[in-house]
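A quick write-up on the structure given underneath.
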Amino acid sequence: MDQSSRSSALNQRLNQQILVLDGAMGTMIQSYKLKEADYRGERFAQHPTDLGGNNDLLCLTQPQIIQEIHRAYLAAGADILETNTFNSTAVSQSDYKLEHIVFELNFTAAQLARSLADEFSLKTPEKPRFVAGVLGPTSRTCSISPDVNDPSARNISFDELVQDYTVAIDGLVKGGADILLIETIFDTLNAKAAIFSISQYFERNGCELPIMISGTITDASGRTPVGANH
């Protein structure tokens with residue numbers, strides 16, 4: 001099924017019923033009790049920094065684990081798979097000195113999810129499965145200073161976030177995502193950067209996918225951790 005056909009199927013299903021998103025990826029990965037060597041694999045065995053905990057990297061070094069997790073959620077009834085790309089932006093991967101593989105991380109993660117979604121869709125054509133390409137909040141915030149002594153200080157700019165998100169979006173779309181999910185946003189300015197980047201990408205490439213946004217609300221006040229109204 002090509003992208004156009006999947007989009008039509010997605011719209012049809014959404015008009016008929018509520019679709020079920022899969023569950024958490026990180027807690028499932030933790031159940032495997034992976035060690036540093038597992039994250040590195042052969043390709044990154046000599047990488048100069050620690051890679052343990054870089055769950056997105058497993059799409060390249062332990063793809064069978066990510067596929068097992070996707071398969072388990074599909075078998076449990078999920079309609080939509082989220083890609084394992086929560087930290088697949090240059091700013092987040094810079095903690096591991098892996099900024100140069102961001103496109104590959106997103107592309108490969110989308111392909112892994114796509115292959116499982118297609119496999120299950122073939123088994124039950126009346127229940128097609130879909131892929132949500134995840135754009136995480138990144139490890140930086142546009143709205144809060146990292147320095148308590150300088151409220152105006154920032155360690156990331158809106159334009160830098162837009163640039164980072166654009167690379168991730170390109171990988172997700174080319175890898176086969178049906179939806180773009182701006183996930184677990186705690187700073188609405190970061191979310192705006194992601195939305196702007198998506199809009200620019202769609203305009204430049206003559207395509208359009210549905211956009212979903214999930215946010216982090218801290219308490220009954222309905223505010224995000226940076227104080228923005230829900």
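The values are calculated or read from the model by the stated rules, or taken from the named source; none is laboratory data. Everything numeric in this text was worked out from a predicted model, so none of it was measured. Ideal geometry is used to build each Cβ from the backbone, glycine not excepted, and the neighbour counts take in all protein chains shown.
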remark   = Among (1) within 19 Å of Glu99 (Cβ to Cβ); (2) exposed (fewer than 14 other Cβ atoms within 10 Å of the Cβ); (3) at pLDDT 90 or above, Tyr165 falls short only on (2)
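Results for (1) of a type in the set (D, E, K, R); (2) in a helix (DSSP H, G or I); (3) over 14 Å from the mean Cα position of the chain (by Cα); (4) modelled with pLDDT of 95 or more, shown as yes or no for each residue.
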{"site": "Leu189", "(1), (2), (3), (4)": "no, yes, yes, no"}
{"site": "Arg204", "(1), (2), (3), (4)": "yes, yes, yes, yes"}
{"site": "Cys207", "(1), (2), (3), (4)": "no, no, yes, no"}
{"site": "Ile213", "(1), (2), (3), (4)": "no, no, no, no"}
{"site": "Thr218", "(1), (2), (3), (4)": "no, no, yes, no"}
inquiry  = Take the conditions surrounded by fewer than 23 Cβ atoms within 10 Å (Cβ to Cβ) and either at pLDDT below 95 or not in a loop (DSSP other than H, G, I, E, B) (or both) and apply them to Thr138. Does it pass?
reply    = no
ask   = Considering region 153-197 alone, what residues qualify as being touching a residue at least 40 places away in the same chain (Cβ under 8 Å) and either of a type in the set (Lys, Arg) or closer than 20 Å to Ser8 by Cα (or both)?
value = Leu172, Val173, Lys174, Gly175, Gly176, Ala177, Asp178, Ile179, Leu180, Leu181
message = I'm told Ser31 meets every condition in (1) without any contact (Cβ under 8 Å) to a residue 24 or more places away in the chain; (2) closer than 19 Å to Leu181 by Cα except one. Can you identify the failing condition by its number?
response = (2)
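Filtering region 93-121 down to residues that are small (Gly, Ala, Ser) and surrounded by fewer than 23 Cβ atoms within 10 Å (Cβ to Cβ), which residue is nearest to Leu161 (Cα to Cα)? Can you show your working first?
First pass over region 93-121, keeping only residues small (Gly, Ala, Ser): 94, 109-110, 113, 115, 117, 121.
Add one more test, that the residue is surrounded by fewer than 23 Cβ atoms within 10 Å (Cβ to Cβ), and what stays is 94, 115, 121.
Working: Ser94: 13, Ser115: 29, Ser121: 35 Å.
Per the stated criteria, the residue is Ser94.
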task = Return the residue satisfying two criteria in turn: it lies in region 5-35 and is modelled with pLDDT of 95 or more and among the basic types (Lys, Arg), and of such residues it is surrounded by the most Cβ atoms within 10 Å (Cβ to Cβ).
result = Lys35
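Does Gln64 satisfy the criteria of being over 22 Å from Glu183 (Cα atoms) and either in contact with a Pro (Cβ under 7 Å, 6 or more places away or on another chain) or not in a loop (DSSP other than H, G, I, E, B) (or both)? Before the answer, list the steps.
Values: over 22 Å from Glu183 (Cα atoms): yes; either in contact with a Pro (Cβ under 7 Å, 6 or more places away or on another chain) or not in a loop (DSSP other than H, G, I, E, B) (or both): yes.
In short, yes.
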query = Applying the selection to region 36-62, what residues are under 18 Å from the mean Cα position of the chain (by Cα) and surrounded by 17 or more Cβ atoms within 10 Å (Cβ to Cβ)?
reply = Asn54, Asn55, Asp56, Leu57, Leu58, Cys59, Leu60, Thr61, Gln62
